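The values are calculated or read from the model by the stated rules, or taken from the named source; none is laboratory data. As the structure is a prediction and not an experimental result, all values here were calculated from the model. Note that each Cβ is placed from the backbone with ideal geometry, even for glycine, and that neighbours are counted across all protein chains shown. Remember, those area values only see protein heavy atoms, side chains included, never the ligands or the DNA or RNA. Shrake-Rupley method; radii C 1.70, N 1.55, O 1.52, S 1.80 Å.
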2 protein chains.
Amino acid sequence: MARNAAAAVTSADVARLAGVSRATVSFVLNDTQTHRVSEATRARVLAAADTLGYVPHAGARALRAGRNNLVLIPAAVSAVGRLVSGWIDDLHTELERYGYTAVLHAGRYTDPAAAARAWAELRPGAVLALDGTSLGAAGAQVLRRAGVRALMALAPQPVEGVHTVLFDDRRVGVCAAEHLVARGRRRLGVVMPGERGLSAFAEPRLAGARSVAARTTATVTPLEMEYTHASAARLASGWAQRGLDGVFAYNDEYASLLLCVFRDAGVDVPGEVAVVGCDDLVTAALQRPALTTVRLAVPSAAQVAAALHDLIETGTAAPLPAVEPVLVRRASA
Amino acid sequence: MARNAAAAVTSADVARLAGVSRATVSFVLNDTQTHRVSEATRARVLAAADTLGYVPHAGARALRAGRNNLVLIPAAVSAVGRLVSGWIDDLHTELERYGYTAVLHAGRYTDPAAAARAWAELRPGAVLALDGTSLGAAGAQVLRRAGVRALMALAPQPVEGVHTVLFDDRRVGVCAAEHLVARGRRRLGVVMPGERGLSAFAEPRLAGARSVAARTTATVTPLEMEYTHASAARLASGWAQRGLDGVFAYNDEYASLLLCVFRDAGVDVPGEVAVVGCDDLVTAALQRPALTTVRLAVPSAAQVAAALHDLIETGTAAPLPAVEPVLVRRASA
DNA sequence: CGCCTTCGGTTACTCGTGTAAGTAACTCGT
DNA sequence: ACGAGTTACTTACACGAGTAACCGAAGGCG
């Protein structure tokens, strides 16, 4: 296998084989309208490119054009729940329609500025941050200076220089906690998941629940929990002495896990403890007891793709509707 | 907001501000050992880079160096189950240690060659395909010609030019079907999920189950199913007239969904129908009845990262152990 | 004083593309 | 027959970064 010998094939190779100049190759392959090429040479060029297996160099193209067609979505895969995974796939498809290449990247960075620098190196056309904290005003400035045209983020309040889709995780916590309080619960637990990348969502949800407690007679206790049977079982086994009568379980997956270990430990739901999840996953309605949950209405992938395209092309886009948490009441709370 | 005016800051800007040549900037920022720079100017350069918020242009660097530090993982997010999502995050971290930037990308391509071309445009240092079909010999050649150094894939048999980790989804189907047959089941159903990107896994699993049927008295019926309550309920409601006594449910998530709708429809598990999942997720053991499943032992993220690094640097790497399916027996089958 | 090193820097070329500007050949209208 | 216009292509440069080769000044040594 002549790996090193077989250097990457460039448009110059295609030009040589087709017996034309490199410029002509470029005109043909990009279908440039301002220049005409005879059908004969056009065919020769296409044939040459095909036999050589020519693929343009995105880096070189980005260098020349000053931007590329990447859309970077910084997010840890495990932080992408079932709720958004389908949505992200749809977004891929929508963006492809505009000619963009969507890409997911989950680095483990010490601070937001370092993360922004790493993203900026790729010179993406757009950056779409799904959590509220990873793209702040400072990071936005770094990316802008690096020539990134479109910055979009889900965030609790408008960020300077970023097209913000308003979404406050605190309101999720408020929504869940208010429901629990309305159902007569006073000693609330809030699950804090251990998985990577989730604290950015979990912390504000906890804060939201606390704000509800502050204006009522309720109390809030954070409950550290890994997404493992052992960790959940540990929580359930010592449940009696905690004396909690309501739990907001971060999301439906954690909630389902809790329902299982509560059942095994003989803790009655919703009798002894009411449970609220989040995301309204397919399985939520199928749990026994059926899971009360918070549904999040996210703008459609098509809307987001269109907005990103506008941002890249014109620098501005119509504001997108805010994400509203809606309580879906079922049997568990 | 002076978006267009504020052109991207380059190393030339840094050089100007620091009062040195661009070469010196490059030597300082890359800490080049072969050239010495006085402490004074080194400090000036670093300060200038910092105040300007300079970030190198990955494309330009890739152009010059002939390769970049990207590791491309082509996979749809929704096809990445809970099983591998944590693994992929770990892989991100491990690769970062070597200085690589891992990136996930899920395009919807008409054929594998088109997909390979799209990936090749980015000129990644490595491509890691997690499903057996997306990276064939033809795609490998395209990528090789584009200068991609490391190609790695999970595949049922060695692929020309690709560092293959042997993993045959058919064996998953065999493993599940053999267990069902051993438990006395003869009329088997195999769930074929509707989600994007899953057919690459589901088809061979079905084939594996069929091969078991072929050498026994059992029959196999494919069951089209979406990951929705409605689709699952439809399957459960017409269950009696199908006359099936065993199901391999593709994975644990589909299996859990099935268990729920079977329970609601009054279909007894495992009495009337035995159910086998796959992946051995956290929730599998917690289902009622506890879910029998197939566990897949994947090489560690650290092992894979090391192998990719070796491939990029030296062109060869030690073979990784094959992925073995292991049946985990519980109550549902 | 002449010659060799070392230090600290610069100049100049390269990577692969896209495109503005230029050019050679051919057609056409009067 | 000759400028004008059209067609079909080429030449030349820019994008941002890395680095081999070069270069002047200072220091060391006989």
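Across the copies of the chain, A:ALA113 has label points (7 Å from Cα along Cα→Cβ) spaced 5.0 nm apart, shortest distance listed first. Counted without the sites themselves, the longest stretch of chain A free of GluC sites (Glu not before Pro) in a DSSP loop having at most 16 other beta carbon atoms within 10 Å is A:1-159. Counting Cβ atoms of other protein chains within 10 Å of each Cβ in B:281-292 and taking the mean gives 3. For the pair A and B, the buried accessible area comes to roughly 5900 Å² in total, with a 1.4 Å probe and the value rounded to the nearest 100. In percent, rounded to a whole number, the relative contact order of chain B is 14, using alpha-carbon pairs under 8 Å and six or more apart. With the simple model of a label 7 Å out from the Cα in the direction of the Cβ, A:ARG16 to A:ARG234 spans 6.4 nm. Scanning chain A for DSSP H helices at least 15 Å long along the axis (C-alpha atoms) with a Kyte-Doolittle mean no lower than 0.5 picks out A:252-265, A:301-314. Between identical copies, the spacing of B:THR316 label points, each set 7 Å from Cα toward the C-beta atom, reads 6.2 nm from nearest to farthest. Averaging the Cα positions of each part gives two centres, and for segment B:13-86 and segment A:273-333 these lie 38 Å apart.
Just checking the listed ones, A:ASP168, A:ASP268, A:ASP245: in the Gaussian network model of chain A with Cα springs under 10 Å, the one fluctuating most is A:ASP268.
The mean sequence distance of close C-alpha pairs (under 8 Å, at least 6 residues apart), as a share of the length of segment A:169-297, puts its relative contact order at 26 percent.
Loop only per DSSP, at most 16 neighbouring Cβ atoms within 10 Å: give me the trypsin sites (Lys or Arg not before Pro) in segment A:96-152, ordered by residue number. Can you show the working numbers first?
Working: sites: A:ARG97, A:ARG108, A:ARG117, A:ARG144, A:ARG145, A:ARG149; in loops: A:ARG108, A:ARG149.
For trypsin sites (Lys or Arg not before Pro) across segment A:96-152 that sit outside H, G, I, E and B with at most 16 neighbouring Cβ atoms in 10 Å, the list reads A:ARG108.
Using heavy atoms of the protein chains and a probe of 1.4 Å, the accessible area assigned to A:THR219 is about 60 Å². Counting Cβ atoms of other protein chains within 10 Å of each Cβ in A:139-150 and taking the mean gives 3.
When Cβ neighbours within 10 Å are restricted to other protein chains, what is their mean count per residue of peptide A:75-85?
The mean count of partner-chain Cβ atoms within 10 Å per residue comes to 5.
Note on segment B:113-175 and segment A:219-266: Cα centroid distance 42 Å, given to the nearest whole angstrom.
With both residues required to sit in segment A:248-333, DSSP beta bridges show an antiparallel share near 55%. Loop-located trypsin sites (Lys or Arg not before Pro) across segment B:11-72 with a Cβ neighbour count of 13 or fewer within 10 Å are B:ARG36, with loop assigned by DSSP. Residue ranking by accessible heavy-atom surface, 1.4 Å probe, largest first, among B:ASP252, A:ASP310 comes out as A:ASP310, B:ASP252.
Taking every protein chain into account, the accessible area of segment A:11-56 amounts to 60 square angstrom per residue (probe 1.4 Å). Every helix of 4 or more DSSP H residues in the protein assembly as shown counts as -39500 (n - 2.57), and over all residues that averages to -13500 deg cm²/dmol at 222 nm. Computed from label points 7 Å out along Cα-Cβ, the spacing between B:ALA214 and A:ALA137 is 6.7 nm. Quick check: at a probe of 1.4 Å, how many percent of the accessible area of the protein assembly as shown sits on carbon and sulfur atoms? Within the protein assembly as shown, the accessible surface is 53 percent carbon and sulfur. Taking B:SER300 in one copy and the same position in all the others, each labelled 7 Å out along Cα→Cβ, what are the pairwise distances from the first, in nm, shortest first? So the label point of B:SER300 gives 4.7 nm to the other copies. For chain B, modelled as a GNM whose springs connect Cα atoms under 10 angstrom apart, the maximal fluctuation among B:HIS57, B:HIS179, B:HIS163 occurs at B:HIS57. Its relative contact order, with pairs defined as Cα atoms under 8 Å and 6+ residues apart, puts segment A:49-154 at 31 percent.
Could you put B:LEU188, A:LEU320 in order of accessible surface area, largest first, with the 1.4 Å probe and the full protein assembly present?
Sorted descending by solvent-accessible area, the residues read A:LEU320, B:LEU188.
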